[in-house]
Structure formats: structure tokens, C-alpha cells
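Here the structure is laid out as C-alpha cells; the discussion comes afterwards.
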Amino acid sequence: MSVLEKTPPARQRRAATRERQPRITDEHGRRVRIWELALRYLLLLGVLALTIGPFLWQLSTSLKGPTEDIFSSPPKFLPTEPTLHNYERVAGTIPVWDYALNSLKVAAANVVTNCVGAALAGYALARLRYRGRRVTTLVFILAMLVPVEGIIIAQFTTMRELGLNNTLVGVVLPGCVSALNVLLMRNAFLNLPYEIEEAAYVDGANVWQRFCRIALPAVKGTLAVVAIFALMGAWDDFLWPLIVLSDPSKFTLTIGLNYLHGTFANDERLVAAGTIIAVAPLILLFACLQRYFFRGVGEGAVKG
């Protein structure tokens, strides 16, 4: 008599039911209980509400007309009559598109200088052999520990001595190459196999050829991460442009939108519309480059 024939019918049905139930496992193949999975999703939903909630509330406020009460209790998330009039008022109150163009110039220059400078410095730290390479790497690490507020007076004095204060070049220059981006590129180049470059060296390739044709194409994901970090840092920067710029025609978008807070502090709809205008390009950029971003995080991971 087989084992199944000896097993009671009720136990057989329970065993068959367990076999039919889908088994939920994690990335390591371990089984995950239902309550653990539910707890994970609850935590994720909580984090999502904390991070995305304020942006969605600002978006909702920017679309509400003057007749809607934005301070009602309980609050109403969806606008009754959505309108774009607040965005038109922002453009009529301040030269928002001129400010956005200045921010775009600063951000584009920052992206180019960071990508080029960080790639060159990172390759030198990872692949070239010279005396003091470890000390140089340590200097870049220590540079990340220095707060910006601690050196901002020295930066302003330097820009004034160079005659670059009240210029967009003065806004770009202090952040043209970030220590964090250099270390990201260094770690990405360290993860590349040495054998590929050794084969190119045997074939007669010099350092520039190995850098441009072999190493750089292999770390395009990390370059995308550097570009995103550089653009976000330059686009969102407020303190340094506020200090170095005094001509309103050269203001960046973050400084220009500050006029909305100062003059129209009671009109939350106008402030919300200006905030959405400032944030929308960053969201669009990340949506276009997100696959390169997550691939680049793996390329530039810290190597032990």
C-alpha cells in the first residue's frame, strides 16, 4: 500500500492545498510569510506618502482657483475646478523663463565639467600608477567632509579677486568638479577588468586611447549618475547663487522664485505653481535617465 493510500483523506486535502498555494520567496530563495510581506508594503507605502505626498499637495494647490479654500478642514486634495491660471500669474509676476534659462546654462555647464573632470580624475586615481595616489584619494574623501558653509566665504573672496562675482561663471566654478563624483568614477573604473586594458596596451594603445575607447564606454551608467547629481545640485542650489549674484537679470530660478515667497507670501497657490515649475525639469530628467541611474549605481558601488 502506498503512502498516499495510508494517509487520511483530510490530511491529503491539506497537503494538496499547500502544494497549490503559490510560494512567496525573497531574492535569496527564502520563503516570506504573508504578514512579513504585508508589513513591507505598509512601510513602503508610508515612505511613499512622506516623500511624494508634499509634492502632490503642492501640485494640487497650484491647480486650485482663487475661489477654493486651500485651508479647509478636512483638506480637499483634488481641486474642484483645475486651472493653469496660477502658472500664468507666475510668468507675469517674475521673468521666470529668463531665470530658468540662467539655471539651464549653469546646470549644463556643471554637468559638462563634472562629467569630464570626474571621469579624468577618477581614471587617474583608478588606473594610473604614480607616487601619492593613495594620498590624493584620501584628499578627495576628506573634501567630502568639509561643509559648504565653512568655505563659502573663501569661495566668495576668490571669485571677487578673479573678477567673477556677479557672473554665471562664478556660480559654476566652485562646483565644476565634485569630490563625490570623482570617487564614483574611480570606483566604476576599478571594477573594470585589467585584462582588457592590458590587451589594448599590448596592441599599442596609449593612455588616452584606452581611456576613450575602452574604459569610458564601459562606465556610461556611472556617467549618467554623475550627470544627474551635477544637474540636480546646480539646479537646486540657492545659497551660493544668492551670495555671488547681485544683478537680477542673472538670477537663477531658485533665487527668482524667492520673490514669490517675499512679495506674495499669503498666496500659496502662486508659490506652489512656482515650486512645480522649478521641480518639473528634474522629474523629467530622472524619468528619462532612470535606467542608466540604477545601472550606474552598481558600476560605481564602493569597492572593498
- Note on the structure: Lys and Arg at +1, Asp and Glu at -1: neighbours of Lys76 with Cβ under 13 Å from its Cβ sum to -2
- Task: With r as the distance between the Cβ atoms of Glu88 and Ala154 and R0 = 41 Å, compute the FRET efficiency 1/(1 + (r/R0)^6) and round to 0.05.
- Result: 0.45
- Note on the structure: In nanometres, the difference between 0.36 nm per residue of separation and the alpha-carbon distance of Phe71 and Ala218 is 47.7 nm
- Message: Run through segment 59-114 and list the chymotrypsin sites (Phe, Trp or Tyr not before Pro) located in a DSSP loop whose Cβ has at most 12 other Cβ atoms within 10 Å.
- Response: Phe71, Phe77
- Task: Ignoring everything but the protein chains, give the 1.4 Å probe accessible area of Leu59 in square angstrom, nearest 10.
- Result: 60
- Message: Please compute the modelled spin-label separation between Gln290 and Leu78, points set 7 Å along Cα→Cβ, answer in nm with one decimal.
- Response: 2.3
- From highest to lowest solvent-accessible area (probe 1.4 Å; ligands, DNA and RNA excluded), Asp267, Asp247, Asp69 read Asp69, Asp247, Asp267
- Note on the structure: Percent relative contact order for segment 136-237, counting Cα pairs under 8 Å at least six residues apart, stands at 29
- Task: Using +1 at the Cβ of each Lys and Arg and -1 at the Cβ of each Asp and Glu in segment 95-297, identify which of Leu173, Cys115, Leu260 lies farthest towards the dipole's positive end.
- Result: Cys115
- Item | Relative contact order (%) - segment 61-151, alpha-carbon pairs under 8 angstrom, separation at least six | 17
- Long-range tail of P(r) for segment 126-202 (Cα pairs > 14 Å, %): 72
- Message: Which residues among segment 101-119 fall inside the zone where the amide N is under 16 Å from a point 7 Å beyond the Cα of Ile243, along Cα→Cβ?
- Response: none
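The values are calculated or read from the model by the stated rules, or taken from the named source; none is laboratory data. Because the structure is predicted, anything quoted here is derived from the model rather than measured. Please note: Cβ atoms are built from the backbone with ideal geometry, for glycine as well, and neighbour counts cover all protein chains shown. Surface accessibility is based on the protein's heavy atoms, side chains included, excluding ligands, DNA and RNA. Shrake-Rupley method; radii C 1.70, N 1.55, O 1.52, S 1.80 Å.
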